[in-house]
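Here's the structure we're looking at; comments come further down.
The values are calculated or read from the model by the stated rules, or taken from the named source; none is laboratory data. Since we're looking at a predicted model, the values are computed, not measured. We place every Cβ from the backbone using ideal geometry, glycine too, and count neighbours over all the protein chains shown.
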Amino acid sequence: MSTDLLQSATATLAQQLKTHASRSVRYRRGQTVLVIQAVVGRTQIELSDELGAVQVQWTDRDFLISAEDLVINGQRSKPQAGDRIEDGNQLYEVLVLAGEPQWRYCDPYGLTMRIHTKLVAVT
């Protein structure tokens with residue numbers, strides 16, 4: 001049986017990123033709250049209107065999390081629009097971007113998810 005070296009290397013790099021570049025955040029869906037490790041990022045989005053003018057926008061914040069960490073009610077889950085992520089004193093809401101879903105996998109093996117959010121409150 002052969003081992004997929006690229007998949008193994010991807011898993012190792014994802015674990016190193018989580019270990020050395022992440023911080024604890026609170027992921028909320030309804031009454032469920034998870035404390036998970038997340039790496040902070042942003043996504044650039046280019047939108048064009050009917051005249052062809054291009055507007056560049058950024059997400060307020062993306063959170064990269066291990067897919068295996070998002071377990072809600074005992075089952076692995078996927079981010080949903082309306083879920084909330086608390087990062088320190090800032091509250092973000094998962095949102096659908098124009099032309100793009102609210103999350104996507106960061107790798108071909110589904111190990112890490114990139115979740116797009118918008119800042120909704122500062123306490």
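Being at pLDDT 95 or above, assigned to a strand (DSSP E or B) and farther than 25 Å from Leu6 by Cα is the requirement here; does Glu46 meet it? For Glu46, the condition - at pLDDT 95 or above, assigned to a strand (DSSP E or B) and farther than 25 Å from Leu6 by Cα - is not met. The set of residues in segment 57-78 being within 15 Å of Val33 (Cα to Cα) and either surrounded by fewer than 18 Cβ atoms within 10 Å (Cβ to Cβ) or of a type in the set (Gly, Ala, Ser) (or both) consists of Asp69, Val71, Ile72, Asn73, Gly74, Gln75, Arg76, Ser77, Lys78. For segment 1-37, the tally of residues that are polar (S, T, N, Q), within 14 Å of Leu70 (Cα to Cα) and without any contact (Cβ under 8 Å) to a residue 24 or more places away in the chain stands at 1. Within segment 82-96, residues that are touching a residue at least 40 places away in the same chain (Cβ under 8 Å) reach partners that are among the acidic types (Asp, Glu) and crowded, with 17+ Cβ neighbours inside 10 Å with beta carbons closer than 6 Å, at six or more positions or on different chains, in the pairs Arg84/Glu93. The residues listed here are Ala81, Ala121; of these, the one that is assigned to a loop (DSSP other than H, G, I, E, B), in contact with a strand residue (DSSP E or B) (Cβ under 6 Å, 6 or more places away or on another chain) and either surrounded by fewer than 15 Cβ atoms within 10 Å (Cβ to Cβ) or of a type in the set (A, V, I, L, M, F, W, C) (or both) is Ala81.
Just to be sure I understand, how many residues within segment 11-39 are assigned to a helix (DSSP H, G or I), within 17 Å of the chain's Cα centre (by Cα) and of a type in the set (Ser, Thr, Tyr)? Adding up the residues that qualify gives 1. Within segment 91-115, being in a strand (DSSP E or B), under 12 Å from the mean Cα position of the chain (by Cα) and surrounded by fewer than 17 Cβ atoms within 10 Å (Cβ to Cβ) holds for Arg104, Tyr105.
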